[in-house]
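Report on the structure given below.
The values are calculated or read from the model by the stated rules, or taken from the named source; none is laboratory data. Here the structure is a predicted model, which is why all the values come from computation and not from measurement. When we count neighbours, we look across all protein chains shown, and the Cβ atoms used for this are built from the backbone with ideal geometry, even at glycine. Just so you know, the surface numbers come from the protein's heavy atoms only, side chains and all, with ligands and any DNA or RNA stripped out. Shrake-Rupley method; radii C 1.70, N 1.55, O 1.52, S 1.80 Å.
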Amino acid sequence: MTRRGDRYYMPGGSDQTLGSFLWRAERMSPDTEIVSRTPEGIERYEYEKYGERVARLGHALDGAGVGQGDRVGTFCWNHHRHFETYFGVPNVGAQLHTINPLLPNEHIAYIVENAADRVIFVDPSLAEKLAGAVAAEESAFDSVEQFVLMAPSVTEDLDGSGLDLVDYESFLADHESSYEWPALSGEQPAGMCYTSGTTGMPKGVEYTQSMLWAHTMATLTPQGLGIDDTDVVMPVVPMFHVNAWGMPFSATAAGAKQVFPGPSPDPADIAGLIENEGVTLTAGVPTVWFGLLEHMEDNDVDLSALERVVIGGSAAPPSLIRQFDERGVEVVHAWGMTEMSPIGSVAHLKAGMEGWDDEDRYDKRAKQGLMVPGLEFKVIDEDGAEVPWDGEEFGELWVRGPWVTTEYFERPEANAEEFVEAPGGTWLKTGDVVTVDPEGYIQIVDREKDVIKSGGEWISSVELENALMAHDDVAEATVIGIPHERWQERPVAFVVPGGSADEDTLATELLDMIADEYPKWWVPDDVEFIEEVPKTATGKFSKKDLREEYADESLVAGEAPEEAAPGDG
Ligand code: ADP
């Protein structure tokens, strides 16, 4: 099985390892392009060259003393050099630890110390941020022997960063472009990512070779993302967040052209890459796509190549799905978690549903969808019983399967809370509250901690947000429960206006709209207008920050509608 020297190997023999995907792309798609937006401009090369550079990276890691089982950190945006670490690090038997650079310094220091990274790859635009974390807690970085700058050279301004930097191209130079990769077991840890820790310190999730292999195979299926070699794949979801939802692996396995949008891409960058590179499949959190649509209001953007946008991380509002449909682009709504490598369910229509009427089809597509093949789930209510699949009753979603973790890294207290051992395999308690309809589609009602509990009843903040964001004059909206003496909590909406309506008129319209569609006690006590909804390090609405800033009981005091909330004693 060799084409040139010993570069084409069969890594891992018959085991489930990532190296087999690279092996295939090099052989079957040697001329297919990998395109990357970098500070130096657009760079492009083909899988053949990619394989050579990954081989050189493998030798360079050996040279840096990285051994099997060692962890290697990356502190980078989406670009070709980061992509080279995606195969280079796991292929030598080390573990790729992607670090979220948007986390506070304290969390960055904690996770580098916890993971004991030996080498850290860092982007020029993020070097200062990393240097700040090192300066704040130097001992946390004791394990790090080398910082590698993801650039052709170390510029003077970065020389003074305090990090002992070598540039990536020098790190690779002088190394051979073929590598006889070691045979690895599927059990070998290959990746690691920390949840962004909405409460407490982030928790580490380790991905073995076989977890990532199985996740890749499942996402390749039509019930997953259905990627093939006619696709041009551009993950806008950062590669520092759960491996960009596994897309760099699945696109490689498929031999698809890949496009990496580089540091902090804005809507114009994203639009330009879609147009110029013919992107057919892209992915990201809803905020990114609201930004693109807003950009398109004032700019001509040719979306004709684009076929599908995978939206996940938080709920894709039905209004967003419709707006893309109107432009001939299919939204594929997916749900997942860091603990699940990350994809769990995708909202495809089942056989026969294409003929359903519009509303019913949107209803399914806006749900979080059907579990992809390979996973199992159940939904457990407060009494520990499984809820019926009636689309009404809800409970906590439990999942298990080959790419679902069964523990957190060195966090026994969290393990005891969030995993349940059972004869057929360990369940992960997701913390997501869901319904399941008779066709098996799950729908997230809320995250357990975001559900609004009012007068003994539950109010879904997600549903209220979707309803508010469907209004033409609303750019973003989020709803949180504010403590209330009598009703326990009352909903308050925080709205970023996106039109010309004056605030009083808009607030009245929104409240009337909710009153028409939902029970009376769901109507928010107040609508607050804000400039921007605070975001987490993974681009989701940060209700924690919002609560800290606005958990002001005066917003709700005395406002709860009498006789409104049932269950009130
Ligand atoms: P963090 O929120 O800490 O960044 P994750 O990215 O692992 O960590 O977040 C997983 C959670 O994100 C899920 O448990 C769920 O609450 C939410 N989520 C992911 N996808 C969706 C979706 N399509 N709709 C609604 N919520 C989603």
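Which residues, taken from the stretch 350-374, are assigned to a helix (DSSP H, G or I), over 25 Å from TRP245 (Cα atoms) and open to solvent by 10 Å² or more (accessible area, probe 1.4 Å)? Answer for the stretch 350-374, where residues must be assigned to a helix (DSSP H, G or I), over 25 Å from TRP245 (Cα atoms) and open to solvent by 10 Å² or more (accessible area, probe 1.4 Å): GLU354, GLY355, ASP358, GLU359, ASP360, ARG361. Any chance you could count how many residues in the stretch 155-166 are surrounded by 20 or more Cβ atoms within 10 Å (Cβ to Cβ) and in a loop (DSSP other than H, G, I, E, B)? Qualifying residue count for the region: 2.
Restricting to the stretch 437-452, and then to whatever is farther than 19 Å from GLY401 by Cα and in a strand (DSSP E or B), can you tell me which residue is farthest from the ligand (Cβ to nearest atom)? It comes out as ILE452. Of the residues examined, TRP77 is one that is touching a strand residue (DSSP E or B) at 6+ places or on another chain (Cβ under 9 Å) and not small (Gly, Ala, Ser). Against the test of being of a type in the set (Asp, Glu), under 22 Å from PRO202 (Cα atoms) and without any contact (Cβ under 8 Å) to a residue 12 or more places away in the chain, the options GLU421, GLU413, GLU396 yield a single qualifying residue, GLU413.
Would you call HIS97 within 23 Å of the chain's Cα centre (by Cα) and in the same structural domain as GLY255 (by TED's automatic domain parsing)? For HIS97, the condition - within 23 Å of the chain's Cα centre (by Cα) and in the same structural domain as GLY255 (by TED's automatic domain parsing) - is met. The residue of the stretch 127-154 that is most open to solvent (accessible area, probe 1.4 Å), among those that are part of a loop (DSSP other than H, G, I, E, B) and in contact (Cβ under 8 Å) with a residue 60 or more places away in the chain, is GLU145. Out of GLY431, GLY384, one residue alone is within 14 Å of the ligand (Cβ to nearest atom) and of a type in the set (Gly, Ala, Ser). It is GLY431.
Yes or no, residue by residue, for (1) farther than 29 Å from LEU281 by Cβ; (2) away from the ligand (no atom under 16 Å from the Cβ); (3) not hydrophobic (A, V, I, L, M, F, W, C):
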| site | (1), (2), (3) |
| --- | --- |
| GLY162 | yes, yes, yes |
| GLU169 | yes, yes, yes |
| GLN188 | yes, yes, yes |
| MET192 | no, no, no |
| GLU206 | no, no, yes |
| MET211 | no, no, no |
| MET217 | no, yes, no |
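Under the condition of being part of a strand (DSSP E or B) and either outside the structural domain of GLY425 (by TED's automatic domain parsing) or surrounded by 17 or more Cβ atoms within 10 Å (Cβ to Cβ) (or both), the residues counted in the stretch 383-406 number 6. Only a single criterion out of (1) surrounded by 22 or more Cβ atoms within 10 Å (Cβ to Cβ); (2) in a strand (DSSP E or B) is not satisfied by LEU464, namely (2). Within the stretch 331-344, the residues that satisfy the criterion of being within 12 Å of ALA366 (Cα to Cα) and either in contact (Cβ under 8 Å) with a residue 60 or more places away in the chain or open to solvent by 10 Å² or more (accessible area, probe 1.4 Å) (or both) are VAL332, ALA334, TRP335.
Against the numbered list (1) buried (at least 20 other Cβ atoms within 10 Å of the Cβ); (2) modelled with pLDDT of 95 or more, ILE380 comes up short only at (1). Of the residues making up the stretch 323-352, just one is among the charged types (D, E, K, R) and within 15 Å of the ligand (Cβ to nearest atom), namely GLU339. Which numbered condition in (1) open to solvent by less than 10 Å² (accessible area, probe 1.4 Å); (2) away from the ligand (no atom under 16 Å from the Cβ); (3) closer than 30 Å to TRP398 by Cβ is the only one that GLU457 fails? For GLU457, the failing item is (1).
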